[in-house]
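The values are calculated or read from the model by the stated rules, or taken from the named source; none is laboratory data. On a predicted model such as this, the values are computed, not experimentally measured, just so you know. Cβ: placed from backbone, ideal geometry, glycine included. Neighbour counts: every protein chain shown. What goes into the accessible areas is simple: the full protein's heavy atoms, side chains included, and nothing from ligands, DNA or RNA. Shrake-Rupley method; radii C 1.70, N 1.55, O 1.52, S 1.80 Å.
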Amino acid sequence: MIKHWPLVALPLLGLLGTSAYAECDHDDFPRMDAMLVGAIADGMQWNNTAMNVRSFRVPATPRQVKDFYGKQWKEAVDYTTFGPWEQILHINNQCMMMVQVQAQNERYSYGKLMLTNPPVAGASDRRLGEGVPMPAEAQVVSDMQSDDPLRKGRVTMLLVADDIQRTRAWYESEMLHRGWQLEHRSTLAGSVVLNYAKGRELLTIGLLRHETNTQVLLTRMDQ
């Protein structure tokens, strides 16, 4: 199941494509005492790189969480911030691990445990955005796929070198040709949202004016 979380960690995943890494999983991720952990995304591929994400809640301050992981990873960490999130990044000879944490109240903190392994066999041979409807001049910014037991989904971001109205017209024509049914259209100043359905699949296409180009966000999932 695809859910939303801060995407600051995603560009770092390219680090794993340049070195030899063994495989690790969340059993290798250190956990604090009384930390409650839940699944967010399994079986996910981001730009052909495997990624798994867990949520957590723990009776500790963000400072205590940072101290815990600093000791667990023997100070082989990089501390950064992203908006309200404090981040702890660790890369070893197996994989990359990142913790995002912020305070929930005076007693508890919550956040996410992100784990990335090297690309699966043959994944790097796939063209980013393969199978996604896009104009010929579109550039793939990111391509994220989820294949967990509950729901399959995909989120793809594009940059199209054309204005928003011509991009909208292209999608309305292309999706009709592909057999998708337009369920709803929402138009605001500088943005358009198109909601489509086809069998058990749903597809939302969001268009946003971006200087002289158009940003396109396609979110596809089964029901």
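Of all residues in the stretch 145-202, those being closer than 15 Å to residue 222 by Cβ and loosely packed, with under 12 Cβ neighbours inside 10 Å number 4. If the condition is being open to solvent by 60 Å² or more (accessible area, probe 1.4 Å) and either without any contact (Cβ under 8 Å) to a residue 40 or more places away in the chain or outside the structural domain of residue 162 (by the TED database) (or both), then the stretch 203-219 contributes only 211. Of all the residues in the stretch 66-101, those that are charged (D, E, K, R), in a strand (DSSP E or B) and more than 19 Å from the chain's Cα centre (by Cα) number 1.
If you check 93, 105 for being open to solvent by 30 Å² or more (accessible area, probe 1.4 Å) and modelled with pLDDT under 80, only one passes: 93. The single condition among (1) open to solvent by 40 Å² or more (accessible area, probe 1.4 Å); (2) farther than 28 Å from residue 39 by Cα that residue 135 does not meet is (1).
Per the conditions (1) open to solvent by 40 Å² or more (accessible area, probe 1.4 Å); (2) among the hydrophobic types (A, V, I, L, M, F, W, C); (3) at pLDDT 85 or above, the sole criterion not satisfied by residue 82 is (3). Looking at the structure I just gave you, is residue 132 in contact with a Leu (Cβ under 7 Å, 6 or more places away or on another chain), at pLDDT 90 or above, over 21 Å from residue 28 (Cβ atoms) and outside the structural domain of residue 218 (by the TED database)? Yes.
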